[in-house]
1. Do the sum for the chain: with -39,500 (n - 2.57) for every DSSP H run of n ≥ 4, divided by all residues, what is the mean residue ellipticity at 222 nm, to the nearest 500 deg cm²/dmol?
2. First check a/c for segment 128-280, with a ≥ b ≥ c the square roots of the eigenvalues of its C-alpha gyration tensor; if it is under 1.5, answer rounded, and if not, answer prolate when a/b is larger than b/c or oblate otherwise.
3. Set Lys and Arg Cβ to +1 and Asp and Glu Cβ to -1, take the dipole of the chain about its Cα centre, and tell me which of Gly61, Leu159, Ala254 lies farthest positive.
4. Out of Ile273, Val76, Gly226, whose Cα points farthest toward the positive end of the dipole of the chain (charges: +1 Lys, Arg; -1 Asp, Glu; placed on Cβ)?
5. What is the pair-distance distribution P(r) of the chain, computed from all Cα-Cα distances in 5 Å bins starting at 0, with each bin given as a whole percent?
6. If I take every Cα pair under 8 Å that is 6 or more residues apart in segment 173-227, average their sequence separation and divide by the length, what percent do I get for the relative contact order?
7. For segment 127-225, what is the charge dipole size about the Cα centre, in debye to the nearest 20, if Lys and Arg each add +1 at the Cβ and Asp and Glu each add -1 at the Cβ?
8. Based on alpha-carbon centroids, what's the gap between segment 1-47 and segment 253-277 in Å, whole number please?
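The values are calculated or read from the model by the stated rules, or taken from the named source; none is laboratory data. Please read these numbers as outputs of a predicted model, since none were measured by experiment. Cβ coordinates were reconstructed from backbone atoms using ideal geometry, including for glycine residues, and neighbour counts include every protein chain displayed. These area figures cover heavy atoms from the full protein model, side chains too; ligands, DNA and RNA do not enter into them. Shrake-Rupley method; radii C 1.70, N 1.55, O 1.52, S 1.80 Å.
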Amino acid sequence: SACLAAHPIMLLRAADYYLSDSFVIERPFARIWGAGYRGAQDGQGTRLLVKSGTVDVLRVGPARFPGAVNDFLQGVDIRWMELGRTLPVAPDAAGLRAQDLLHCRFEGLSARESSIGFAAKGVVRSYFSDCIAFRSLPGSTPGSPYRGFLLGGAEQVGLAGANGSIFVVDCNVSIGGAPGVADSVGLLLEAGFADSFIENFEATGLQTGIRIAGDAGKIGGMAVAGHSNLHIRMPIIDQCSAVGIELLDLSGHAIVDISDPYVAVAPGARAAIAAQAAHGAWSIIGGQLIGRSDSNS
């Protein structure tokens with residue numbers, strides 16, 4: 001924190017950095033780069049490890065909505081490090097929580113053993129590129145939900161949706177071991193999801209790969225702008241045990257397009273693609289849906 005206060009550019013070597021609380025970045029135009037993010041042992045890349053199960057590992061952005069988009073934190077660039085923890089995670093604790101940001105980039109980040117890998121709200125004209133969320137260990141509350149990526153929300157932040165022009169590109173979510181989670185979702189687009197661009201997203205071994213949950217009744221008039229301009233391009237959903245891609249409670253204002261999806265369901269899955277109360281205009285173009293011999297597929 002002292003280094004960040006003195007220098008807007010930080011390079012972290014391949015080492016483990018233990019944190020007593022969330023590492024908070026509220027300085028604009030900061031660049032923090034590590035030395036790798038795919039390792040899981042000492043000395044394998046840069047690891048930020050919070051000694052808590054209840055807090056976010058990394059928070060980028062102000063604690064409270066600053067009032068206007070032009071007051072958002074700008075120009076933060078974080079790359080090539082793992083975001084982990086040393087204690088079993090509690091519900092809702094994130095690896096990275098990004099909020100009220102403008103023109104930021106997150107690349108080559110790995111969020112391990114959090115309840116939410118990456119949470120974004122009020123993130124405008126920003127990128128998540130080649131980011132990984134992974135869960136294999138039980139949390140402090142058995143049966144709690146798991147989300148690899150959580151985008152959006154019902155709070156009004158002065159944008160068409162809860163984010164604006166947010167790009168999630170070449171990102172991956174998977175589950176291993178026996179984490180004991182319920183309702184595991186690779187990517188949850190919740191309530192106000194407008195102006196979101198999801199490209200080459202991969203999800204493996206989860207119950208649901210991608211869920212578009214419009215909450216139309218909850219957000220009311222926000223759905224007029226908040227349910228448009230969602231693009232999901234070439235997602236790869238493998239071995240989902242419930243539904244590959246799910247559309248729920250979209251308003252009549254919804255405009256959603258899904259192109260070239262690949263969905264391979266696990267035995268017993270309900271559907272590769274399922275829609276319920278999905279109004280408006282939504283399209284699925286091309287792609288491959290693969291079932292199994294199980295009679296319930």
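1. Roughly -500 deg cm²/dmol at 222 nm, from the helical runs in the chain.
2. The shape class here is prolate.
3. Farthest towards the positive pole: Gly61.
4. Comparing the listed Cα positions along the dipole, Val76 ranks first.
5. Values per bin, smallest distances first: 1, 6, 12, 16, 19, 17, 13, 8, 4, 2, 0, 0, 0.
6. Relative contact order, segment 173-227: 46 percent.
7. 280 debye
8. Cα centroid of segment 1-47 versus Cα centroid of segment 253-277: 37 Å apart.
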